[in-house]
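To start, the structure under review is shown below, and the notes come after it.
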Amino acid sequence: MSSGGMVYFSSFDMEKIAGLLSDWRSECPAMGVLALVPEAEKTQVAGLQIHFRQRKIPLCGAIFPQLIYGSEFRRTGLCLLRFDSMPYVALHDDLPGDAAEAARIIADGVGPRLDDDIPATLFLLLDAMLPNIGSLLDELYLSLANRVHYAGVNAGSETFQAMPCLFDSQRQAGNGVLALLLKPHPGAVLEHGYQSGEHSLPATSTEGNRIIHIDWRPAFEVYRELVLRQFGVEINRDNFYRYAVHFPFGIVRANHSTLVRIPVMLDEDNALFCIGEVPAHSMLTLLEAPRVDSSATLETLRLGLSQLRGKPAAAGLLLFYCAGRKQHMGAEAATEELRAFGQLTGASGVAGALALGEIGESTLWGYPLFQNATLVTADWGSGQ
Amino acid sequence: MSRDDVIPILYEMALTIGGEVSLSPLLSRTLQRLLYFTSFPAGFICLDLPAPSDSDGGFLPVRLDAAVGDYKLIQHIGNVLQLPKQLLLGPAVRLDGQAALLSALPVLHNVYQAFLRLPIGRLGAIILMAPRMPETTLPLTLMFEPIMAHLEKAIMLCRHHDEYMSQLIADRQQADTRAEFLALHDALTGLPNRGLLLDRIHQAMAMGSRNGQYGALMTLNVDHFKQLNDLYGYQACDQVLIETARRLERCIREGDTVARFGGDEFMLLLWPLPATQKDAAIQAEQIAQQARQALALPYRLNGRELSVSCSIGISLFRAHLDTLETLLRNAETSVYQAKAAGRNTIRFFDPEIQTVIMARLALEADLERAMALNEFRLYFQLQANDQACVTGAEVLIRWLHPKRGLVSPAVFIPLAEETGAIVAIGDWVLEMACRQLQVWQDQPKFCHLRLAVNVSAVQFHRPDFTDKVSGLMARYSGVAGLLKLELTESVMLDSAEQVIRKIQLLKNLGIRFSMDDFGTGYSSLAYLKRLPLDQLKIDQSFVRDIASDPSAAVIIQTIIGMAQNLGLEVIAEGLETQEQLVLLKQYGCHHYQGYLLGKPLPIDQFEALLEQGDLSLALKQAPI
């Protein structure tokens, strides 16, 4: 299955893959490849790396819960996305815990490669288990500011088990960041369309992506009461993950573009783990997740894309879809949203993955935000 | 307006502001959170805005205190920028379609059209900017008012904190510097301590192993210091030690070290000293003498005068021939020897050096007394030309010591030059020569004779030299034309212009000048051309070898040729054989001095020699 520089293989058929790479390389000798691998195929990554190393073709990629190709989610197979010329890629698997220091390392690699006349996008593939992605983004913005657009997604396992989910042709690593500098590239857009609730409570104690106390009480205790009071649903430790995706927290912003944080784990102290950092002292609101305005979401994305491009021309599109959103909406509705996205954008091809957190700007030249429950999309085109 | 929408934002902003204690992070974090909440992608803060005036042309010079989100603007943090006052001044406002106003900013992509201005009380303003106005239904211009009031106070508190921290850091640095100083210095006197001195000795030894120069370690103890302590008390004696330290510092040369080891024990490291042991010992001894004399001056303590003396031990060292421990032990041993010798004295560790130094000191003392005891004698060695005519004599000094006998000028002249006694000796010789010339004026046989007097460079460079000679010429009128001053090339080591001026001044009085020992020293043709000389005196070493060493003969011929070209007379000294005389004549030298013609003689014998007329025989025997 192929759409320009985006190809999906339903299985790891190395012969077919070799044929494709050979064709691609005859077209673009300086090419490189971004590989998206579903969690179910994670054992195939080592073989894929050997294959690329033997052919001396640059490779980078990540493992996600599922893939997206066209208008379908796929649990198996492999997506290969071609860069006509391999961009700057750095796999940082040993970043320090201090966000400022980690950002400095990433920025030191990217900064010298920027030419301020050429629009560029810093596309970050992060291990979802990193606890301080929001802070890392804040620090990167302090350092690189508007020299780049910011986009990215979290990779990893849907079960939130630690896994080496990032790779290049030599290494496979977890708990790190794979930074790609795409240029020229106009950036990405993201949107979730979740409606915020009416009542907010302070996260009185947080630690990275762990909410320890809400309103000075154990987080889960408060969360359970809120859900029960607002939606009449009784959540306990056993059904937590099944229900929690439907009742995410929102971090309130002034332009109503609430940041979504989906609780995904509970610990013994009744603290809640979310995908993505919850800044200390954040005011949290319980989102009425069922009220997702899907059509508004898609329209926002379409408009955003045409603004980025400056023209409505359809091209290959990268699309990352939040795993929590799919779970909340249900497979059928999510697939329908994919189909509508393809139609609305008129994309010649769509490839991506189910993500565990997304990075993007809600407006052109916007502040980079780490989100959950969103769709994040960007032009892939043939020029990457 | 929903309270639930506003309160969380204000709550987090307040906590962000309250969480910072330093100005720079306060401003950047506040900006960052504002951008985060409002979706404006960039912003900046200017504090301490100047008051607008009619003549400012619509722009204010403001310092950019913080910027976030725009890379180019960030590069200007800390700089003073000219920014539109319409942008900076006024109440909180949220305006779209302001591309023209925002284009005045030094930004990366000139895309900004909308801005939100939030005044920080009277302290400054926050400007948030966006290419497109971020949507909101919240009253941003109103809702941040309490936050801005909070921020204004936080800025003032942070500034106080930063000042306090700066002072604290400065104090700590000062304390660290002081601690570092104290680690290597003596707290009472500020002199280097034992550790630092040992380090410098190591360095000196390492350098000495490369260039072979000597160094000296001098131990100096204040005599009877314990009794002084008992008598005057510790505080007063501390003052003595401090004053001693200052006096010792004035005695040493640049690069030497004075250290205090504790109590009344001072150590002086003298490095570098000459590469020969004797010269090194002499120089070390001279510095020790200076130290001893400096400490002998009365100390003033609480209005009273106190006299102290010191004992000094000196140990010479070179490279790593001795270990550091041995060197220290030797220096201490020598100071005990000095104390044992009756204190207020100087002792070398090495007995041989001590003997040499003692001898020299004794000679020095005798030399100082020699003039007063009338121990100097003048000898005259005749000078003649190739016509067998005696033209005059060189006046030579001899020291007739009652015990030592006749002391060689080669021994006592360098010593006199070092001690400065040469000036008095030289003055005396000059006066005696003038007196002799005047005496001869009444004797027709001798009235044509000239006298050549050696002038040391030390004597010549004295500022009053020309005055003294002029005074002599006034006292002994009519002798100037018969006086010849012999200079050595070493006078040229000082300012040539000054030398030329002095010579010219005295030549104007009729005095002639000869360059002594020519060919052994500087021998610069460039200087020679400029010096208003009358004569070159070929050094005796060349004359001695003229017959045996072809190079000496060549040098003599060269000197003679040079002198002829410059119109100078040439005289050869050290003439001892007929063979030498023949060659000198052959090469064109017409004036001579040496044993062949006559050895230096006291005045009566000199006059007798001239009267006998034996001289003419030697000269006439030589073939011309």
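The values are calculated or read from the model by the stated rules, or taken from the named source; none is laboratory data. As the structure is a prediction and not an experimental result, all values here were calculated from the model. With ideal geometry, Cβ positions are generated from the backbone for all residues, glycine too; neighbour counts draw on all protein chains shown.
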* Are any residues in the stretch B:36-74 in contact (Cβ under 8 Å) with a residue 12 or more places away in the chain, under 56 Å from the mean Cα position of the chain (by Cα) and within 11 Å of chain A (Cβ to nearest Cβ), and if so, which ones? -> B:ALA66, B:ALA67, B:VAL68, B:ASP70, B:TYR71, B:LYS72, B:LEU73
* Taking B:ILE17, is it over 18 Å from B:ILE127 (Cβ atoms) and either in contact (Cβ under 8 Å) with a residue 60 or more places away in the chain or touching a Cys at 6+ places or on another chain (Cβ under 8 Å) (or both)? -> no
* Count, please, the residues in the stretch B:115-131 that happen to be within 11 Å of chain A (Cβ to nearest Cβ) and either part of a loop (DSSP other than H, G, I, E, B) or of a type in the set (Gly, Ala, Ser) (or both). => 2
* To do: With the checklist (1) among the small types (Gly, Ala, Ser); (2) touching a residue at least 24 places away in the same chain (Cβ under 8 Å); (3) more than 20 Å from B:GLY97 (Cβ to Cβ) in hand, flag the one item B:ALA130 doesn't pass.
  => (3)
* Asked: In this structure, is B:VAL429 of a type in the set (A, V, I, L, M) and not in a helix (DSSP H, G or I)?
  -> no
* Selected residue (only one of A:ALA155, A:ALA120 is more than 17 Å from the chain's Cα centre (by Cα) and crowded, with 20+ Cβ neighbours inside 10 Å) -> A:ALA120
* **Only listed residue being in contact with a His (Cβ under 7 Å, 6 or more places away or on another chain) and either more than 12 Å from chain A (Cβ to nearest Cβ) or buried (at least 21 other Cβ atoms within 10 Å of the Cβ) (or both), chosen from B:PRO106, B:PRO146, B:PRO134** => B:PRO106
* To do: Could you list, in sequence order, all residues of the stretch A:181-214 that are among the charged types (D, E, K, R) and either more than 13 Å from chain B (Cβ to nearest Cβ) or surrounded by 15 or more Cβ atoms within 10 Å (Cβ to Cβ) (or both)?
  => A:LYS183, A:GLU191, A:GLU207, A:ARG210
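Residues checked against (1) modelled with pLDDT of 85 or more; (2) out of contact with any helix residue (DSSP H, G or I) (no Cβ under 6 Å at 6 or more places or on another chain); (3) in a helix (DSSP H, G or I):
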site: B:ILE314; (1), (2), (3): yes, no, no
site: B:ASP322; (1), (2), (3): no, yes, no
site: B:GLU332; (1), (2), (3): no, yes, yes
site: B:GLY342; (1), (2), (3): no, yes, no
site: B:GLU352; (1), (2), (3): no, yes, yes
site: B:MET358; (1), (2), (3): no, yes, yes
site: B:LEU373; (1), (2), (3): yes, yes, no
site: B:TYR379; (1), (2), (3): yes, yes, no
* Residue check, B:ALA66 within 19 Å of B:ILE126 (Cβ to Cβ) and either outside the structural domain of B:GLY124 (by TED's automatic domain parsing) or modelled with pLDDT under 90 (or both) -> no
* Asked: Going by the conditions given, is A:LEU266 within 30 Å of A:SER85 (Cβ to Cβ) and touching a helix residue (DSSP H, G or I) at 6+ places or on another chain (Cβ under 6 Å)?
  -> no
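Condition check ((1) in a loop (DSSP other than H, G, I, E, B); (2) in contact with a Lys or Arg (Cβ under 9 Å, 6 or more places away or on another chain)) across all residues:
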position	(1), (2)
A:HIS213	no, no
A:GLU221	no, no
A:LEU226	no, no
A:ILE235	yes, yes
A:GLY250	no, yes
A:GLU268	yes, no
A:PHE273	no, yes
A:GLU277	yes, yes
A:HIS281	yes, no
* Asked: Hey, A:ALA62 hits all of (1) hydrophobic (A, V, I, L, M, F, W, C); (2) in contact (Cβ under 8 Å) with a residue 12 or more places away in the chain; (3) farther than 20 Å from A:PRO87 by Cα but one; which does it fall short on?
  -> (3)
* Out of the stretch B:21-35, which residues are more than 13 Å from chain A (Cβ to nearest Cβ) and of a type outside the set (A, V, I, L, M, F, W, C)? -> B:SER22
* To do: Tell me, yes or no, whether the stretch B:430-444 has at least one residue that is more than 28 Å from B:ALA384 (Cα to Cα) and touching a residue at least 12 places away in the same chain (Cβ under 8 Å).
  => no
* Asked: Is it the case that B:ASP467 is assigned by TED's automatic domain parsing to the domain that holds B:LEU400, more than 21 Å from B:PHE376 (Cβ to Cβ) and either of a type in the set (A, V, I, L, M, F, W, C) or not in a loop (DSSP other than H, G, I, E, B) (or both)?
  -> yes
* Kindly provide the set of residues from the stretch A:42-69 that are over 19 Å from A:SER169 (Cβ atoms) and touching a Ser or Thr at 6+ places or on another chain (Cβ under 8 Å), ordered by number. => A:PRO65
* Asked: Assuming B:HIS160 fulfils every condition listed in (1) in a helix (DSSP H, G or I); (2) touching a strand residue (DSSP E or B) at 6+ places or on another chain (Cβ under 9 Å); (3) away from chain A (no Cβ under 14 Å) apart from one, which condition is it?
  -> (2)
* Asked: Any idea which residue in the stretch A:226-236 is surrounded by the most Cβ atoms within 10 Å (Cβ to Cβ), counting only those that are within 14 Å of A:PRO263 (Cα to Cα) and touching a Leu at 6+ places or on another chain (Cβ under 9 Å)?
  -> A:ILE235
* Mind listing whichever residues of the stretch B:119-130 are at pLDDT 90 or above and not aliphatic (A, V, I, L, M)? => B:PRO119, B:GLY121, B:GLY124
* Asked: Cβ-Cβ below 7 Å, separation at least six or inter-chain, first residue in the stretch B:214-227 and acidic (Asp, Glu), second crowded, with 18+ Cβ neighbours inside 10 Å: which pairs?
  -> B:ASP223/B:VAL308; B:ASP223/B:CYS310; B:ASP223/B:SER311
* To do: Please indicate, with yes or no, whether at least one residue in the stretch B:295-311 is of a type in the set (Asp, Glu) and surrounded by 17 or more Cβ atoms within 10 Å (Cβ to Cβ).
  => no
* Asked: In the stretch A:323-368, what count of residues is obtained for those that are in a helix (DSSP H, G or I), polar (S, T, N, Q) and either within 18 Å of the chain's Cα centre (by Cα) or within 14 Å of chain B (Cβ to nearest Cβ) (or both)?
  -> 2
* Asked: Do we have B:ILE7 as facing chain A (nearest Cβ under 8 Å), of a type in the set (A, V, I, L, M, F, W, C) and closer than 21 Å to A:ARG147 by Cβ here?
  -> no
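Residue-wise test of (1) at pLDDT below 80; (2) loosely packed, with under 15 Cβ neighbours inside 10 Å; (3) not assigned by TED's automatic domain parsing to the domain that holds A:HIS185.
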| position | (1), (2), (3) |
| --- | --- |
| A:ARG224 | no, no, yes |
| A:ASP238 | no, yes, yes |
| A:TYR243 | no, no, yes |
| A:HIS246 | no, no, yes |
| A:ASN255 | yes, no, yes |
| A:ASN270 | no, no, yes |
| A:VAL278 | no, no, yes |
